[in-house]
1. Which of (1) over 21 Å from Thr359 (Cα atoms); (2) hydrophobic (A, V, I, L, M, F, W, C); (3) crowded, with 22+ Cβ neighbours inside 10 Å is the odd one out, the single condition Leu325 does not satisfy?
2. Suppose we filter the range 23-48 for residues that are farther than 19 Å from Ser165 by Cα and either in a helix (DSSP H, G or I) or at pLDDT below 95 (or both); how many remain?
3. Looking for whichever is within 23 Å of Trp412 (Cα to Cα), open to solvent by less than 50 Å² (accessible area, probe 1.4 Å), hydrophobic (A, V, I, L, M, F, W, C) and at pLDDT below 95 here; the options are Ala460, Ala556. Which one fits?
4. List the number of the failed condition for Leu129; all other conditions in (1) open to solvent by less than 50 Å² (accessible area, probe 1.4 Å); (2) under 15 Å from Ser103 (Cβ atoms) hold.
5. So is Gly433 in contact (Cβ under 8 Å) with a residue 24 or more places away in the chain, part of a loop (DSSP other than H, G, I, E, B) and open to solvent by less than 10 Å² (accessible area, probe 1.4 Å) or not?
6. Which of the residues spanning the range 373-383 are of a type outside the set (Ser, Thr, Tyr), exposed (fewer than 13 other Cβ atoms within 10 Å of the Cβ) and not in a loop (DSSP other than H, G, I, E, B)?
7. Return yes or no: is Ala267 within 18 Å of Ala411 (Cβ to Cβ) and small (Gly, Ala, Ser)?
8. Would you call Glu492 in contact (Cβ under 8 Å) with a residue 40 or more places away in the chain and open to solvent by 30 Å² or more (accessible area, probe 1.4 Å)?
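The values are calculated or read from the model by the stated rules, or taken from the named source; none is laboratory data. None of the values given here were measured: they were computed from a predicted structure. As a convention, Cβ positions derive from the backbone with ideal geometry for all residues, glycine included, and neighbour counts pool all protein chains shown. Surface accessibility is based on the protein's heavy atoms, side chains included, excluding ligands, DNA and RNA. Shrake-Rupley method; radii C 1.70, N 1.55, O 1.52, S 1.80 Å.
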Amino acid sequence: MTHDHDLVLRPTAAETSAALNPPPGRNGGDLVVETLTGLGATTVFGLPGQHALGMFDALRRSDLRYVGLRVENNAGFAADAYGRVTGEAAPLLLSTGPGALTSLAALQEAAAASAPVLAISSQIPTAGLGGGRHGYLHELPDQQASFRGVVKSVHTVRTQSQIPSAIAAAWESALTVPHGPVWVEIPQDVLLAQTSLPVVTALDATPEDVVPRPELTAVAAHLLSNATRPAIIAGGGVVRADAAGKLRALAEKLDAPVITTFGGKGAFPWEHPLSLQSWLEDRHTTDFLEDADVLLVVGSGLGELSSNYHTFKPRGRVIQIEADLGKLESNHPALGIHADARLALSALLETVGERTDPTAADRVGTVLTRVRERIAAQELTLEQDVLASVRRALPDDSPSFWDMTILAYWAWSAFDPRGSNTMHSAQGAGGLGYGFPAALGAAAADPTRPVLAVSGDGGALYSIAELATAKQYDLNVTWLIVDDGGYGILREYMTDTFGEATATELSRPDYVALAESFGVPGVRTTRETLEVDLAKALAAPGPSLVLLPAVLRMFAPTHLG
């Protein structure tokens, strides 16, 4: 009798010969790049450093495309965006100590946004591992401890034979839903030492699906089919699972209104009759969702922003579909279904009964009208004009990446992304400096369409060095900087709370002249000329910068009342 586990793939004579006679001149770094290639990687991001030189030397013997940024944190943001737009694990190559630690903020954002980033760092020589104080350059008592609370999994390599398996395990971890960043560290001497190990070829790191339990989807389908006022909140998990089509089909089958979270922008068509768009920071919307007798939450943990700053108190039955087990019922009691959004929506589509609600579209329209009236009463035409100009200038299929700035906060609620997986921001962890380097990562993933980055002048200075990267690799990114003379949103917060602002005003460079000094064309625009100037910059190949001097204001919050 033959059992499946007895079946072994036997190497051919040519494969055996190649394994017994590996090419000369390889080191531990070659095992890294061979493993990445074998797993399907094509592009890597990073920044070289002394302990990582073995890894970077091996790049020139590989077919991997390398995109080098000027700051490790920015390289992490670029890898994050690459992972978001492709759904592939994005390798991020780093050096030890300061280089590794500088990437932490980017990895926190990747974790919050479920972006698959495969960070591979060097380590001090093997003799220095274990927590002693040996005095090696960049030495930390326990480097991986700095990352353990940020990434999904940590993998430490101590010998060359461990490299392929450790990276494959990390790759699988990064791509198992919920996606996220992972950490691999390899000592300097392991990377530099010559190797006689065979070239890495066959690797299997296929993540397992997170399948919904059928008894739970049966209960959910029953609740939704018999609901009087169902509603749906669609989060980033729908976008990451490429499940926008299934969400739309389910909403139409149920006649259920849908609102998308800021991380789930594009999960549902903006102008659809059932679309509540993304006005989550509005009491009219919160009231509507609270009134639902059955609320389906897909791919969202209903965190601070998605719950109108935790003022949302649902009165009906909540069904929560979430791939991140830690988010399941973390904020509200629910019928919790631990599953990938696409698989769970597929199961619901097969089992829910069709229902008709002739009032649904009218109720949605009433909410949106009330929202528009509230905003209109605040005399915020400049902000709305600027956002509308950006929307008209940006091609429908072009992705956009938004830093933590007032225009981005407007965009979370009011910007039509015109497609799934096209609008991204740093609202997961909320760190400054995301927009421009992330846009560079997206442009590296797909050079065929222009990419927009949006920053304030404060956030722009976090990533200004990457103008050199944009120029070096001729990346098709247009960077819109809204210059309001400081940290605009903090200025507003402090003025509203304390009567005056402190530490928010900034001295800035001439951004147009600075961009041109890097060889990147720049233009200073106005409210009236923004649409034309931005469209022209986006249509031109290569990087460009558009500067808009403007002081924007936020719409009044509703959660403070």
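1. Failing condition for Leu325: (3).
2. Final tally of qualifying residues: 3.
3. Answer to the check: Ala556.
4. (2)
5. When the stated conditions are applied, Gly433 passes them.
6. Glu373, Ala376
7. Considered against the rule, which asks whether it is within 18 Å of Ala411 (Cβ to Cβ) and small (Gly, Ala, Ser), Ala267 comes out as yes.
8. yes
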